[in-house]
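Participant: I have a structure I would like to understand better, so I am pasting it below and will then ask my questions one at a time.
The values are calculated or read from the model by the stated rules, or taken from the named source; none is laboratory data. Source: prediction; values computed, not measured. Positions of Cβ are generated from backbone atoms using ideal geometry, with glycine treated the same way; all protein chains shown enter the neighbour counts. In case anyone asks, the SASA skips ligands and DNA or RNA and just uses the protein heavy atoms, side chains included. Shrake-Rupley method; radii C 1.70, N 1.55, O 1.52, S 1.80 Å.
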Amino acid sequence: MRPAPVADADSAGFWEACAREELVGQRCGKCSAWRWPPREHCPRCHAADPVW
């Protein structure tokens, strides 16, 4: 059996959406770049403004 995933500050929004049976992805609130895996800062513009 696999261990249950542990939500952290960066992935909590993803797991909350899974509990609602929704699939979401994280985007940058400044430049709209997709972020995967979820992280605090955008790899493109370095903004700390994630949007689920």
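Participant: Which of (1) within 9 Å of the chain's Cα centre (by Cα); (2) at pLDDT 95 or above does Glu21 not meet, given it meets every other one?
Facilitator: Result: Glu21 passes all but (1).
Participant: How many of the residues making up segment 1-48 are without any contact (Cβ under 8 Å) to a residue 12 or more places away in the chain and either in contact with a Pro (Cβ under 6 Å, 6 or more places away or on another chain) or not polar (S, T, N, Q) (or both)?
Facilitator: 23
Participant: If I ask for residues that are hydrophobic (A, V, I, L, M, F, W, C), under 10 Å from the mean Cα position of the chain (by Cα) and part of a loop (DSSP other than H, G, I, E, B), which ones from segment 1-18 would you list?
Facilitator: Ala9
Participant: State the number of residues belonging to segment 24-48 that are part of a loop (DSSP other than H, G, I, E, B), of a type in the set (D, E, K, R) and closer than 16 Å to Asp8 by Cα.
Facilitator: Residues flagged as part of a loop (DSSP other than H, G, I, E, B), of a type in the set (D, E, K, R) and closer than 16 Å to Asp8 by Cα within segment 24-48 amount to 2.
Results for (1) touching a Lys or Arg at 6+ places or on another chain (Cβ under 6 Å); (2) among the acidic types (Asp, Glu); (3) open to solvent by less than 90 Å² (accessible area, probe 1.4 Å), shown as yes or no for each residue.
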| residue | (1), (2), (3) |
| --- | --- |
| Pro5 | no, no, yes |
| Gly29 | no, no, yes |
| Arg35 | no, no, yes |
| Pro38 | no, no, yes |
| Ala47 | yes, no, yes |
| Trp52 | no, no, no |
